[in-house]
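Notes to accompany the following structure.
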Number of protein chains: 2
Amino acid sequence: MASHRSSMGDPTRTLELLWRDSLPVKAQRGPKQALTVTAVVAAAVALADAEGLDAVTMRALAGKLGIAPMALYTYVPGRAELIDVMLDTLYAGMARRKPKGRDWRSRLEAVAHDNRALFHEHPWLAEVSTTRPPLGPGQLAKYEYELQALEGEGLDDVEQDAALMFVLGFVESSARAAADQRAARLESQMSDGAWWEANAPLLTRMFDPERYPIASRVGSAAGAAHGAAYNPDHAYAFGLERILDGLSVLMERPRTPRAPARKTARKRGG
Amino acid sequence: MASHRSSMGDPTRTLELLWRDSLPVKAQRGPKQALTVTAVVAAAVALADAEGLDAVTMRALAGKLGIAPMALYTYVPGRAELIDVMLDTLYAGMARRKPKGRDWRSRLEAVAHDNRALFHEHPWLAEVSTTRPPLGPGQLAKYEYELQALEGEGLDDVEQDAALMFVLGFVESSARAAADQRAARLESQMSDGAWWEANAPLLTRMFDPERYPIASRVGSAAGAAHGAAYNPDHAYAFGLERILDGLSVLMERPRTPRAPARKTARKRGG
DNA sequence: TGCAACTCCGTACGGCGTACGTAGATTGGG
DNA sequence: CCCAATCTACGTACGCCGTACGGAGTTGCA
């Protein structure tokens, strides 16, 4: 249950699953299937939304669908592949509003916010990797859409890819931090305040301000400002601002007369 | 096995474990323990280094230590707490070379590199959260040390904390991406090249360059430049540069005459 | 000396993903 | 039209996991 994501066994099988709608139906000899892969995935997403990814066990999912646990394996090769498809399905469903943005900065900000919203809607996403998602139709469409935000702004192709991955990685990272905090709070059954109250005796004894002067000062200030040891919203806002500033340095660098940045055309991968 | 990290049950118990060395020994009535918590944790770290975090099962760890599985529970309340202590132990052991850095930029770069090195030495770290680590002595010392890199550079206390978390989050995020790629490669038993070759027929049929012009161009260029769909080292180098640029915008902003940034002094947390 | 407190650990429970084999439904080919 | 091939559905079982529980042995203090 610890490592999600697939690419196990026959890797082509996962791809066929992801692209199932664009693939020619293969001749079926036996009885028709009672459900569809899409229905199974939808149920899995609903279950994960409601109770978290750990609740998506093959047995529980089968129960929700009214079939026997092992019947799931006629739709999906295993749990890891199921999660792959869940992820790509979510990507495929993301709203792609016209990149209305005036400047690249607000366009990229919108991309970040959209991704953040996805994590907010489906908190279990923080538990899967997403950085190197399976090459499904959803992921591909998302990649194309999001690259538009950076198109024609003086970055070469490699930089465009790197910049997008950079932003997406940040959003994932902050979403994960937020999810961690939420989980810790739920698990420990107590508010940040209660936790602090319970552990203050021990901690104040250990936390020697003379030995840790900066940590003491900065930690106190941050705690006071956020009302907690960590504030995901503030961290996101702060980080995104820094990231956009950092990218703007790259954008506004003196540029060569600039023949289109197209580089070699070898197919991706290798 | 999916959610690591603790704070379950009695939260004070975890703290007592973390600070065990600074705490007064409590009178022991029964027989002496054959091992120490520190030895157990060291064995667990060694096992995780060698075979990954999933290999650190209570049974396997007990086997390595020559004790019965259930005997572990006399040292540690459970697996989650064990992982907490493993993490803090690693933090405590990080080399803290004098912040020799001339300017804040190279100091912060060194902090990032040190953290990256830790992820490199202990790849299983990518599987635990680390963003909100337990408040142990290692974490505290690390926090103090790393804050030094940002001290006296015109950031107020809240910004100092946010900036550090921002950098550390990035390092974790890129380490995780690298680990994901490594895991995928191991699992699928094939190189990136072999994977591509096996799946090219299906993918080239799906990947319509007219429908996805930017993805096609940028993806190809990135793949060609990196020799793979993703290059963790390049992503790290690119991201860190952007981050430092972004922070420099913050540092070099016009500053108020600047009374020391010390804010309210309420204890952290709340 | 007695007993409370502690360590160690054997057994067992309830969970998980899924390998394997079978029974029954469906359908294309002769 | 029939039947062999092929597919779905699924019951059972295996080998993992973390850990609750209670008993047996050991120690230090009253």
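The values are calculated or read from the model by the stated rules, or taken from the named source; none is laboratory data. Keep in mind that what you see is a predicted model, and the values were worked out from it rather than measured. We place every Cβ from the backbone using ideal geometry, glycine too, and count neighbours over all the protein chains shown. Each accessible area value is taken on the protein alone, full model and side chains, heavy atoms only, with ligands, DNA and RNA left out. Shrake-Rupley method; radii C 1.70, N 1.55, O 1.52, S 1.80 Å.
Against the condition of a type outside the set (A, V, I, L, M, F, W, C) and touching a residue at least 24 places away in the same chain (Cβ under 8 Å), how does B:Arg182 come out, does it pass? So B:Arg182 passes the test.
For region A:58-79, the criterion of a residue being more than 10 Å from DNA strand D (Cβ to nearest atom), open to solvent by less than 10 Å² (accessible area, probe 1.4 Å), within 14 Å of chain B (Cβ to nearest Cβ) and assigned to a helix (DSSP H, G or I) is satisfied by no position.
Quick one: would you say B:Glu51 is exposed (fewer than 13 other Cβ atoms within 10 Å of the Cβ) and either away from DNA strand D (no atom under 11 Å from the Cβ) or within 24 Å of B:Ala126 (Cα to Cα) (or both)?
So B:Glu51 fits the description; yes.
Given the structure, is A:Arg96 at pLDDT below 95 and among the charged types (D, E, K, R)? Taking the combined requirement at face value, the residue satisfies it.
For every residue, the table says whether it meets (1) more than 7 Å from chain B (Cβ to nearest Cβ); (2) hydrophobic (A, V, I, L, M, F, W, C).
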site	(1), (2)
A:Pro133	yes, no
A:Glu153	yes, no
A:Met190	yes, yes
A:Ala200	yes, yes
A:Leu203	no, yes
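Can you pull out the residues in region A:177-188 that are surrounded by 19 or more Cβ atoms within 10 Å (Cβ to Cβ) and facing chain B (nearest Cβ under 7 Å)? Within region A:177-188, A:Ala177, A:Asp180, A:Gln181, A:Ala183, A:Ala184, A:Ser188 qualify. Among the residues examined, B:Leu168 qualifies as surrounded by 19 or more Cβ atoms within 10 Å (Cβ to Cβ), among the aliphatic types (A, V, I, L, M) and more than 7 Å from chain A (Cβ to nearest Cβ). For region A:220-240, the criterion of a residue being over 30 Å from A:Leu168 (Cα atoms) and in the same structural domain as A:Asn115 (by TED's automatic domain parsing) is satisfied by at least one position. Taking the criterion of being among the β-branched types (Val, Ile, Thr) and in contact with a Leu (Cβ under 8 Å, 6 or more places away or on another chain), the residues of region A:21-43 that qualify are A:Val37, A:Val40, A:Val41. If you scan region A:22-42, which residues turn out to be in a helix (DSSP H, G or I), small (Gly, Ala, Ser) and within 14 Å of DNA strand D (Cβ to nearest atom)? Passing the criteria: only A:Ala39. Residues in region A:143-155 that are open to solvent by less than 10 Å² (accessible area, probe 1.4 Å) and part of a helix (DSSP H, G or I): A:Glu146, A:Leu147, A:Ala149, A:Leu150. Taken over region B:112-133, residues that are over 23 Å from B:Ile243 (Cα atoms) and surrounded by 22 or more Cβ atoms within 10 Å (Cβ to Cβ) amount to 1. Close Cβ contacts (under 8 Å, 6 or more residues apart or on different chains) running from residues in region A:42-57 that are more than 15 Å from A:Phe119 (Cα to Cα) to residues that are away from DNA strand D (no atom under 16 Å from the Cβ) and not hydrophobic (A, V, I, L, M, F, W, C) comprise A:Ala42/A:Thr89.
Pull up region A:29-57, narrow it to residues that are within 14 Å of chain B (Cβ to nearest Cβ) and within 11 Å of DNA strand C (Cβ to nearest atom), then point me to the one that is farthest from A:Thr14 (Cα to Cα).
A:Glu51
On the stretch given as region B:235-270, residues that are at pLDDT 95 or above and open to solvent by 60 Å² or more (accessible area, probe 1.4 Å) total 2. When A:Glu172, A:Glu144 are screened for being over 15 Å from the mean Cα position of the chain (by Cα) and acidic (Asp, Glu), only A:Glu144 passes.
Summed over region B:71-93, residues that are free of Cβ contacts under 8 Å to residues at least 60 places away in the same chain, away from DNA strand C (no atom under 16 Å from the Cβ) and touching a helix residue (DSSP H, G or I) at 6+ places or on another chain (Cβ under 6 Å) total 4.
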